[in-house]
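Student: Below are the C-alpha cells for one structure; questions will follow.
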Ligand SMILES: Nc1ncnc2c1ncn2[C@@H]1O[C@H](COP(=O)(O)OP(=O)(O)O)[C@@H](O)[C@H]1O
Ligand SMILES: [Mg+2]
C-alpha cells in the first residue's frame, strides 16, 4: 500500500519532469508570454492610476494591480493547458502515459502541476520585472520582506494547478481542440475580471460580487496581494483552503471523466 | 496460460459506429501474432481494448490471466505498447524520451540512466541520443518507441502498424529490431498491419480481418495452403505431355504443385524429353494475398481504397 503510494508520487514527479524538460527546449515561449502581463501593467495600470477612478485605499493603483498582473500571467498559462492535453492525445503522447501503471489521479495531478512548471517560469520573469519597476521607475511599493516574495511561488503553483484543473475538466468534457480553445477563452475573461485582480470586489455590482466569491482566482489574488503588498495574511488560511478544495474536487472529477477523452 | 484471451468483443463508438463486431481469439505465449486487415478494419480498436485504453461495449479481454477492466493495473505492468501514431515526444531528445518512460515504470536514478543507455546502444540510436526527436527519421522514431515500450521487460509487446509510412529500408530495419528483441527476450509480440509481406515475414500466427470481424486465423503456411497450391508455369513451343491437373493455354503450361521448387526440375526434364522447346520457366507461389481474397472476397488494396474514400467523405461532411 505504502509502496504503491510512493510509486504514484514518483509518477506525478515524472510527469512534471517531462514538462520541465519540454520547457527547457523552449525558452522563447516564456519570453513571449511574459510580454503580455507587463504590457498590461504598463498600459492599463498607468492609465487607471492617473485617472484615480478605482478606490484602492492607502496604496497606489499600480501597487494594487501588480499581484493581479502576476495572477493574470499565471492564469493565462494554465487555462489553456487542457488544449495541450487534447493535443497530446491527438498526437499519441497521452496514450503512452495512459498505458503506464499510473493511476488516473496521479496522471491528472501530474498534468496540473506540469502547468505549474510553466507558470513558475512565467512568474519568476514577471515578478522580477515588477520588482525592478518598483525601484523608483513606477509607483509600486512592494511589501519589503523577501521571504514573503518567495512565498508567492507556492501560491503560483496552487493557482496554476487549479486553473489547469478547470481546463482539463473542459478538455475531458468537450474533447476537441477547437471547443476546448473556445471555452478557455470564454472562461478566462470572467475569471480574470470577476476576481480582485484589477479592482476591489466591493467595487463590483452585487451579482458579480457573488461570482467573485466562488471564483478561485479571487482567493489566489488575495494571497498574492497579502504577500506582495500588504503583508496581511489574516485571510490566508481560508484562501488556501478554498484553493486546495477546488484542486481536490477538480482532480477527482477529471480522473473520473478522463476515460471519456480517449473514446 | 494464454498471453491474450479475447471473447466476443464488440466496440461501438458514439453509440453509432460499430468498429469491432464480435471478435474472439487467443494468443499463445512466445509467438508473434498478427492482425492483418485493410484500413478501417478495426485493428487499432482491438489493440486499444487490449492495452486498457478503451472500454469494451461487450465481451471479455484478459492478458496473461488478468481480466479487464478489473485488473487493468496489472495488465499495464506487463505490456509494452507502441501506438499507430507517433508517441515519442517530439520536443525532447531520444535519451529524455527513454528516461521518462523508464521512470514511469519505476526505474530510478543510476539504474534508469544505465538502462536507457543500454537500450540506445541496442537499437543503434546511441549517436542520435541527444538530438531532438523532431529531427529523427521515421525509422529512428519507431525504433525509439519500441525501446520506450521495452523499459520494463514486458511479457507482451504490442505494436500497432509498426512500419506504416516507412520506406522499404527502414521497414526492414524495424523488422530486424522486432525479431532480435523477440529472440532475445522470448516475449509474446502482437502486431497489426495492412502489409501482406510484413505479416508473412514476421508472424507465426495471423488473423485476417475485414470490417470489424475476423475472417480466418492460421499460420502463414496454413493460410496459404487454404488458398490452393502453387504452380509451375512453363512457356512452351509444341505440344506438352500430360500432367495431372495441368492447364495449357496460348503456349503457357500451368502445373499445380504442393512443392514447386522440388518438382520444377523433373517437370522441365519431362517436357524437354517430349521434344518441346522451353522458352521460360517460373514458379508461382500462393501468397497471403490469395488467402485474403479467398476468405474476404476482395483484394486488400481495393478495400483500402473503399474505406479511405469513405473516411474522406465523412470528413468533408463534418467540415461542411
Ligand atoms: N474515436 C472514434 N470515433 C468514431 N469512430 C471511430 C473512432 N476510431 C475509429 N473509428 C472507426 O472505427 C473503424 C475502425 O477503425 P480502426 O480501429 O482505427 O481501424 P484500423 O486500425 O484497422 O485501420 C473505422 O471505421 C473508424 O472510422
Ligand atoms: Mg489502425
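Student: Given the conditions (1) more than 14 Å from chain B (Cβ to nearest Cβ); (2) surrounded by fewer than 22 Cβ atoms within 10 Å (Cβ to Cβ); (3) in contact with a helix residue (DSSP H, G or I) (Cβ under 9 Å, 6 or more places away or on another chain), which single one is not true for residue A:65?
Tutor: Only one criterion is unmet by residue A:65, namely (2).
Student: Looking at segment B:48-91 only, could you name the residues that are surrounded by fewer than 17 Cβ atoms within 10 Å (Cβ to Cβ) and at positive phi?
Tutor: The one that is surrounded by fewer than 17 Cβ atoms within 10 Å (Cβ to Cβ) and at positive phi: B:65.
Student: Considering each of B:100, B:9 in turn, give the residue that is in contact with a helix residue (DSSP H, G or I) (Cβ under 7 Å, 6 or more places away or on another chain), free of Cβ contacts under 8 Å to residues at least 60 places away in the same chain, buried (at least 18 other Cβ atoms within 10 Å of the Cβ) and away from chain A (no Cβ under 11 Å). Full working, then the answer.
Tutor: Working: B:100 fails: away from chain A (no Cβ under 11 Å).
Testing whether each residue is in contact with a helix residue (DSSP H, G or I) (Cβ under 7 Å, 6 or more places away or on another chain), free of Cβ contacts under 8 Å to residues at least 60 places away in the same chain, buried (at least 18 other Cβ atoms within 10 Å of the Cβ) and away from chain A (no Cβ under 11 Å) leaves just B:9.
Student: Report the residue count in segment B:103-120 for those that are at the interface with chain A (Cβ under 9 Å from one of its Cβ atoms) and surrounded by 21 or more Cβ atoms within 10 Å (Cβ to Cβ).
Tutor: 3
Student: Go through segment B:74-88 and give me each residue that's closer than 17 Å to residue B:48 by Cβ, away from ligand 1 (no atom under 16 Å from the Cβ) and facing chain A (nearest Cβ under 8 Å).
Tutor: B:76, B:79
Student: Residues that are touching a residue at least 12 places away in the same chain (Cβ under 8 Å): which strands (runs of 3 or more DSSP E) entirely in segment B:203-300 hold 3 or more of them?
Tutor: Numbers: elements: B:205-210, B:213-218, B:230-237, B:247-249, B:252-257, B:277-284.
By residue number, B:205-210, B:213-218, B:230-237, B:252-257, B:277-284.
Student: Yes or no: residue B:42 more than 27 Å from residue B:289 (Cα to Cα), within 16 Å of ligand 1 (Cβ to nearest atom), touching a residue at least 12 places away in the same chain (Cβ under 8 Å) and surrounded by 17 or more Cβ atoms within 10 Å (Cβ to Cβ)?
Tutor: Working: more than 27 Å from residue B:289 (Cα to Cα): no; within 16 Å of ligand 1 (Cβ to nearest atom): yes; touching a residue at least 12 places away in the same chain (Cβ under 8 Å): yes; surrounded by 17 or more Cβ atoms within 10 Å (Cβ to Cβ): yes.
Considered against the rule, which asks whether it is more than 27 Å from residue B:289 (Cα to Cα), within 16 Å of ligand 1 (Cβ to nearest atom), touching a residue at least 12 places away in the same chain (Cβ under 8 Å) and surrounded by 17 or more Cβ atoms within 10 Å (Cβ to Cβ), residue B:42 comes out as no.
Student: Follow-up question, since we're still on this one. Taking residue B:54 as meeting all but one of (1) touching a strand residue (DSSP E or B) at 6+ places or on another chain (Cβ under 9 Å); (2) near ligand 1 (Cβ under 9 Å from one of its atoms); (3) in contact (Cβ under 8 Å) with a residue 60 or more places away in the chain, write down the number of the exception.
Tutor: Answer for residue B:54: the failing condition is (3).
Student: Whether any residue in segment B:153-168 is more than 14 Å from every other protein chain (Cβ to nearest Cβ), in a loop (DSSP other than H, G, I, E, B) and modelled with pLDDT of 90 or more is what I want to check. Show your work before the answer.
Tutor: At the first step, the residues of segment B:153-168 found to be more than 14 Å from every other protein chain (Cβ to nearest Cβ) are B:163, B:166-168.
In the following step, the residues that additionally are in a loop (DSSP other than H, G, I, E, B) were identified as B:163, B:166-167.
Then keep just the ones that are modelled with pLDDT of 90 or more; that gives B:163.
Among the residues of segment B:153-168, at least one is more than 14 Å from every other protein chain (Cβ to nearest Cβ), in a loop (DSSP other than H, G, I, E, B) and modelled with pLDDT of 90 or more, which makes the answer yes.
Student: Do you know which of the residues in segment B:34-52 that are closer than 18 Å to residue B:66 by Cβ and either in a loop (DSSP other than H, G, I, E, B) or more than 14 Å from chain A (Cβ to nearest Cβ) (or both) is farthest from ligand 2 (Cβ to nearest atom)?
Tutor: Pass one, segment B:34-52, residues closer than 18 Å to residue B:66 by Cβ: B:46-52.
Then keep just the ones that are either in a loop (DSSP other than H, G, I, E, B) or more than 14 Å from chain A (Cβ to nearest Cβ) (or both); that gives B:46, B:51-52.
Working: B:46: 9, B:51: 13, B:52: 17 Å.
Once the filter is applied, the top-ranked residue is B:52.
Student: Out of A:229, A:244, report the one residue that is over 23 Å from residue A:189 (Cβ atoms), under 15 Å from the mean Cα position of the chain (by Cα), away from ligand 2 (no atom under 16 Å from the Cβ) and assigned to a helix (DSSP H, G or I). Steps first, please.
Tutor: On the way: A:229 fails: under 15 Å from the mean Cα position of the chain (by Cα).
When all the criteria are applied, what remains is A:244.
The values are calculated or read from the model by the stated rules, or taken from the named source; none is laboratory data. Bear in mind the structure is a predicted one, so any value in this text is a computation, not a measurement. Neighbour counts run over all protein chains shown; Cβ positions are idealised from the backbone, glycine included.
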